Amino acid sequence: MASAFLDTPIEYLKGIGPQRADVLKTELGVFTFRDLITHYPFRYVDRTKFQSVKDLSEDLPYVQLRGVIESLTTVGVKRAQRLVAVFRDNTGIIELVWFQGHKWMADKLKTQTEYIIFGKPTRFGGRFNIAHPEIELANQENMALKSAFQAVYSSTEKLKTKGFDSEGIRKLMKQLMAQIPGDAIEESLSAEVMNDYKLLSKNEAVRQIHFPDNNLQLQKAQYRLKFEELFYVQLKLLRLHHQTVKTVPGAVFSKVGDYFNGFYNKHLPFQLTNAQKRVVKEIRTDMGSGHQMNRLLQGDVGSGKTLVALLSMLLAIDNNYQACLMAPTEILANQHFVTISELVFPLGIKVALLTGSSTQKERRELLAQLQSGDLQILIGTHALIEDVVQFKNLGLVVIDEQHRFGVAQRAKLREKGKVPPHILIMTATPIPRTLAMTFYGDLDTSVIDEMPPGRKPIKTMHFMEPQRLRMIGFMREQIALGRQVYVVYPLIKESEKLDLQNLQKGYDDIVKEFPPPQFQVSIVHGKLKSEQKDFEMQRFVKGETQIMVATTVIEVGVNVPNASVMVIESAERFGLSQLHQLRGRVGRGAEQSFCILMTSYKLGADSRTRMETMVRTNDGFEISEVDLKLRGPGDIEGTQQSGVLDLKIADLVHDGQILQMARAAAQTVLNEDADLKLEKNKVLEKNLILNAKNRPSWAKVG
Ligand code: ADP
Ligand code: MG
């Protein structure tokens, strides 16, 4: 059978043998012919173009040179040994250097022989050298093999010692490709999807990805293979979502009752924005559907998510269910408790707070009321998901700032109701659309993309250390106008002690500039007891202190409308999303607000981009896109544990458009045939299963 050919163990490929096969297995995970053909190149070079030594500059990322090795010398002793080759082309001389595997290279290379080398030049004492270049003989055979675009494969030192540098792998690939029967690479997408998206066949794509005829064919091949990879991730996620929606029952909140209406008509402190209205409607529809809601609500800091959460909770109560709201920190839980208690006070709804600091007595009373059903809304920290916390009839769980809660914790919450409670996850950390589609692909999403009216956009400025006096002067002006100021210091775990010293010193400096009794300064950090923290916070909230010196504990949730200046010290040590979060602490009142980013004078390119981005825009989604480009998907908060990053060819940073199309394609298929039972979709079902088997990490998807 044709496809069995690809399952042939790799040691059966001519000339490999068991020993070299072992290295392929351990280093590349290549066990079969199939594995080898999916070891895709990681880039391509135009091997018909050569540079000259005289034109080298450090700005060139990679160069390809053609010339002769004049001499080979091993220098240094023992572990510091290296091989140095003097390489000359028509225009000059450079050195090639090998530190690892130099013995093997010394045996392999010949002097007075023409080679083609490829690598990154660096200047070293007035001369250029290239460390660990790719190198191959410039003989007839190699030259004839060159199409304009030649594949480059990733390799390791171990592989290289067995002859599997990029060149060696390419030869192996060539040999295998020549042997594969025409029909052995089976089509893995349905004819319909291929037609709709004008995709190259799998067979053609695999051949072209390794040995492209030209640039156009290469692009088509890449498109096809990326599409397929993303398509199956989306198919899996959307199917999971479909199954959840279809099979998990949820409490039906069928009526809009007195609590919701009473609040909406009489006590709503302001008109909802259109975005808030739309989202409330989406949530209402979900919660009336008879299936469990799993919804992610994204909305920038200050966009008014709390009110949406409250309205949703009122719906639960109208239908005789309880609701709870879980916050990531005590400060935030407290604040939610205060805000929500005030808002619902006229309705006579019972609200309670449960955190790590609740006393035994408080807990006991609260748990009793929770079980009798007297308590309607419970607000708290992770203490909420402890097993002892039992509800009479939990209908809705709101999770604020979701990325701090693990998947397992969410699952635990689901078990707290007789029927699984509806789940609303809120986050003010906007994540780029492409990532949301993948990491939260099994959730429905809502977006509040509109700020309440009358907000003045925060003005952001970037000051460097020499401008510190200007910054102090600016603080003075604003305080004279009656405003309050945050001064935030970074706190990174590894250097906690040092950072606390910095914070203390920063506090002392500020107090020197703003001495009592005219000025009062608060200080808050994670090492303070919670009573102390509260005391300091309260002084600031009440306006008794003008300045709040703090670590990032104030990052989420804190709401002091009169605070209109946010100074971030050592801003270069923060990531973009964190800077954006911190900035969101101001801009909550009627006054013009400011954010000042203080950095040292010397900044790396990435830090500079971060500061420029912050100065340029207040849009959290735009900032998240820049963040993604700077850091890659693996470093975006909340994505680390996800198996989605195990992609062989697609790339979530650059392939956003392909991802959108692949998702649309998967959705279309499932809309018509949710169980993939139709004959034409059999091939999709089969490959979905195959993918699950071949990529265990994808099990974590969703
Ligand atoms: P976040 O989305 O960051 O959680 P909040 O819910 O804390 O935002 O709301 C930020 C501020 O905006 C609060 O003071 C809130 O009362 C106010 N707010 C919310 N919705 C509106 C609205 N529609 N009009 C005016 N102010 C609003
Ligand atoms: Mg909030």
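The values are calculated or read from the model by the stated rules, or taken from the named source; none is laboratory data. Since the model is a prediction, treat every value here as computed from it, not as a measurement. Note that we place each Cβ from the backbone using ideal geometry, even for glycine, and neighbour counts take in every protein chain shown. For accessibility, only protein heavy atoms count, side chains too; no ligands or nucleic acids. Shrake-Rupley method; radii C 1.70, N 1.55, O 1.52, S 1.80 Å.
Yes/no per residue for (1) in contact (Cβ under 8 Å) with a residue 40 or more places away in the chain; (2) among the aromatic types (Phe, Trp, Tyr); (3) more than 16 Å from ligand 1 (Cβ to nearest atom); (4) outside any strand (DSSP E or B):
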residue: 335; (1), (2), (3), (4): yes, no, no, yes
residue: 340; (1), (2), (3), (4): no, no, no, yes
residue: 345; (1), (2), (3), (4): no, yes, no, yes
residue: 353; (1), (2), (3), (4): no, no, yes, no
residue: 366; (1), (2), (3), (4): no, no, yes, yes
residue: 379; (1), (2), (3), (4): yes, no, no, no
residue: 387; (1), (2), (3), (4): no, no, yes, yes
residue: 390; (1), (2), (3), (4): no, no, yes, yes
residue: 395; (1), (2), (3), (4): yes, no, yes, no
Residue satisfying condition, being more than 16 Å from ligand 2 (Cβ to nearest atom), among the charged types (D, E, K, R) and farther than 19 Å from residue 317 by Cα, within set 374, 387: 387
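Are any residues in the stretch 315-339 touching a strand residue (DSSP E or B) at 6+ places or on another chain (Cβ under 6 Å) and open to solvent by 30 Å² or more (accessible area, probe 1.4 Å), and if so, which ones?
Listed by number, the residues that qualify are 321, 337.
Sort out which residues of the stretch 421-434 are more than 16 Å from ligand 1 (Cβ to nearest atom) and buried (at least 24 other Cβ atoms within 10 Å of the Cβ), and write them in order of number.
Once the filter is applied, which keeps residues that are more than 16 Å from ligand 1 (Cβ to nearest atom) and buried (at least 24 other Cβ atoms within 10 Å of the Cβ), the stretch 421-434 yields 421, 422.
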Among the residues of the stretch 589-608, count how many are surrounded by fewer than 23 Cβ atoms within 10 Å (Cβ to Cβ) and within 16 Å of ligand 1 (Cβ to nearest atom). 3
So, of the residues in the stretch 229-280 that are within 16 Å of ligand 1 (Cβ to nearest atom) and hydrophobic (A, V, I, L, M, F, W, C), which turns out to be most open to solvent (accessible area, probe 1.4 Å)? 270
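One line per residue, one yes/no per condition, for (1) within 16 Å of ligand 1 (Cβ to nearest atom); (2) part of a helix (DSSP H, G or I); (3) not assigned by TED's automatic domain parsing to the domain that holds residue 291:
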residue	(1), (2), (3)
419	no, no, no
437	no, yes, no
471	no, yes, yes
482	no, no, yes
491	no, no, yes
502	no, yes, yes
506	no, yes, yes
Give the number of residues within the stretch 10-19 that are open to solvent by 50 Å² or more (accessible area, probe 1.4 Å) and modelled with pLDDT of 90 or more. 2
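Does the stretch 635-645 include one or more residues that are among the aliphatic types (A, V, I, L, M), closer than 20 Å to residue 231 by Cβ and modelled with pLDDT under 85?
The answer is yes, given that some residue of the stretch 635-645 is among the aliphatic types (A, V, I, L, M), closer than 20 Å to residue 231 by Cβ and modelled with pLDDT under 85.
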Taking the criterion of being open to solvent by 10 Å² or more (accessible area, probe 1.4 Å), within 16 Å of ligand 2 (Cβ to nearest atom) and not assigned by TED's automatic domain parsing to the domain that holds residue 533, would at least one residue in the stretch 307-314 satisfy it? yes
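Within the stretch 571-588, how many residues turn out to be open to solvent by less than 40 Å² (accessible area, probe 1.4 Å) and more than 16 Å from ligand 2 (Cβ to nearest atom)?
Of the residues in that region, 5 qualify.
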List every residue pair whose Cβ atoms sit under 8 Å apart, with the two residues 6 or more apart in sequence or on different chains, where the first one lies in the stretch 170-199 and is closer than 23 Å to residue 41 by Cα and the second, anywhere, is of a type in the set (Ser, Thr, Tyr) and assigned to a helix (DSSP H, G or I). 184/3; 186/3; 199/223
Quick check on the stretch 481-503. Is at least one of its residues modelled with pLDDT of 85 or more and over 24 Å from residue 584 (Cβ atoms)? no
Somewhere in the stretch 195-216, is a residue open to solvent by 70 Å² or more (accessible area, probe 1.4 Å) and among the aliphatic types (A, V, I, L, M)? yes
Residue 447 passes all but one of the listed conditions (1) within 16 Å of ligand 2 (Cβ to nearest atom); (2) within 24 Å of residue 272 (Cα to Cα); (3) modelled with pLDDT under 95; (4) open to solvent by less than 10 Å² (accessible area, probe 1.4 Å); the exception is number (4)
Taking the stretch 332-343 only, how many residues are out of contact with any helix residue (DSSP H, G or I) (no Cβ under 7 Å at 6 or more places or on another chain) and more than 10 Å from ligand 2 (Cβ to nearest atom)? 6
